[in-house]
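Report on one structure; see the data block that follows.
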Amino acid sequence: MTLPRPVGYGLSFSWTAVIPWIVAYFITSIETIGDLTATAEASGEPVTGKLHSRRLRGGVLADGVGSAIAAIFNSMPNTTFSQNIGVIHLARIGSRVVGLACGTILLVLGFLPKIGALVRVMPRPVLGGATVAMFGLVTTSRIRIVAWGALTERNIFILSIGLALGMGVQYVPEATGQLPAVVASIFEQPIATTAIVTCLLNLIIPREEKEADVDAN
């Protein structure tokens, strides 16, 4: 058994990393909201109303607290794991008790490096075969969430531009080479590019009259 050593690498602060990390946490918050919504939908729970809003606030807060604790124990920040949504779809089990049990097991395994080494030597085809269905179910869950927002011409245009630029950064990473280092560190990530572009376009492009009336009501 191996116990973690808090602040094993010391503490330091760099202003150049502030903006990229702010954007990164903003993006992961959006991801968390989507994951929690998809989890609620897969579990037969409401995805609107005060109950769902309270769950979203709690989930984002848990991510922040968990990331702070992870930093103290020399680990990377944490966020929700989208593949678990596929597990719920496959197993048809969305009980909180199961989640607590799995979390406890993972906590115990974290103190046993030998178990982690055993997982690392698992052949990639085996791991891929076990997760291929889950990744597909995650994708369909995301599509369903997008469809909830009413696929108007405005929303389709915003989504198309965001996805196009995100895929462009993914397949042509040198496209951000002419940007300042700090800005490039943000937009070199496809998810960050898509999220930032879609959010900006959503604020800039005027809403359609019917859509504005629905939001007002």
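In the condition set (1) modelled with pLDDT of 80 or more; (2) in a helix (DSSP H, G or I); (3) within 17 Å of ASN74 (Cα to Cα), PRO6 is compliant with all but (2).
The condition of being surrounded by 11 or more Cβ atoms within 10 Å (Cβ to Cβ), over 30 Å from ARG5 (Cβ atoms) and either touching a residue at least 24 places away in the same chain (Cβ under 8 Å) or within 16 Å of the chain's Cα centre (by Cα) (or both) holds for only one of THR80, THR131, that being THR131. The lone criterion from (1) modelled with pLDDT under 80; (2) within 20 Å of SER29 (Cβ to Cβ); (3) not hydroxyl-bearing (Ser, Thr, Tyr) left unmet by PHE187 is number (1). The number of residues in region 51-75 that are touching a residue at least 40 places away in the same chain (Cβ under 8 Å) and in contact with a Leu (Cβ under 6 Å, 6 or more places away or on another chain) comes to 0.
The values are calculated or read from the model by the stated rules, or taken from the named source; none is laboratory data. Predicted model only: the values in this text are computed from it and were never measured. Using ideal geometry, Cβ is built from the backbone for each residue, glycine included, and neighbour counts are taken over all protein chains shown.
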